[in-house]
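One structure below.
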Amino acid sequence: MKIIILSDTHRYNYIFDKLKNIIKDADVLIHLGDNVQDVEELTMGFEGKVFNVRGNCDYNTRIPSEELIELEGQAIFITHGHYYGVKHSLLNLKTKAAEIGANIVLYGHTHISEIVFEEGVWIVNPGSPSLARDGFNSYAIITIENGRICPSIKSL
């Protein structure tokens, strides 16, 4: 299974054609907020599953701020991250993962890509494809094959 993870697209539609081309071959798209209205345009013609949560810049939406999903037998916690203090530490996310039994945590908000593996939990931030704060616009891919989880960060 191929999962594309996006966060913090922020209505920068000049990147949408590139992102649509990346998304088209995925089985799943996960958008971690800011701005969730981008998901509708990005997924036109996309036939895979779509999950999204709202971020701190998403107003007037009924989309949840976090969700626990299951894909290929993996418990995946998705959140924008702003309620967990992710700009300062991942401790609150790690605690939440332990509480709910998630073995993959996906978050955004910082615009800085990151992959961490600690205590059997993958923690992945795809960065931002439009407003990166770490020098390169990015997204993440996670492949899951026969229970093996393989996350990576890709430059846009």
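How would you order 12-22, 97-107 from highest to lowest mean count of nearby Cβ atoms within 10 Å?
97-107, 12-22
Considering all alpha-carbon pairs of the chain, what whole percent are spaced by more than 26 angstrom?
16
Give K49/K87; K2/K154; K24/K154 a once-over and call out the pairs whose C-alpha atoms are over 18 Å from each other.
K49/K87
Sketch the reach of a paramagnetic label on D134 as a point 7 Å from Cα along Cα-to-Cβ, and name the residues of the range 79-98 whose backbone nitrogen lies under 20 Å away.
Residues 79-95, 97 fall inside that zone.
What's the local net charge at L91, with K and R +1, D and E -1, over the other residues with C-beta under 15 Å away?
So the surrounding residues net to -1.
What does DSSP give for the range 2-155 in terms of the percent of beta bridges that are antiparallel, rounded to the nearest 5?
Rounded to the nearest five, the antiparallel share is 60 percent.
Counting alpha carbon pairs within less than 8 Å and at least 6 residues apart, what relative contact order, in whole percent, applies to the range 37-156?
15
None of the figures in this text is laboratory data; all of them are computed from the coordinates on show. What you are looking at is a predicted structure, and each value in this text was computed from that prediction instead of being measured. Quick reminder, even Gly has a Cβ in these numbers, built from the backbone with ideal geometry, and neighbours come from all protein chains shown.
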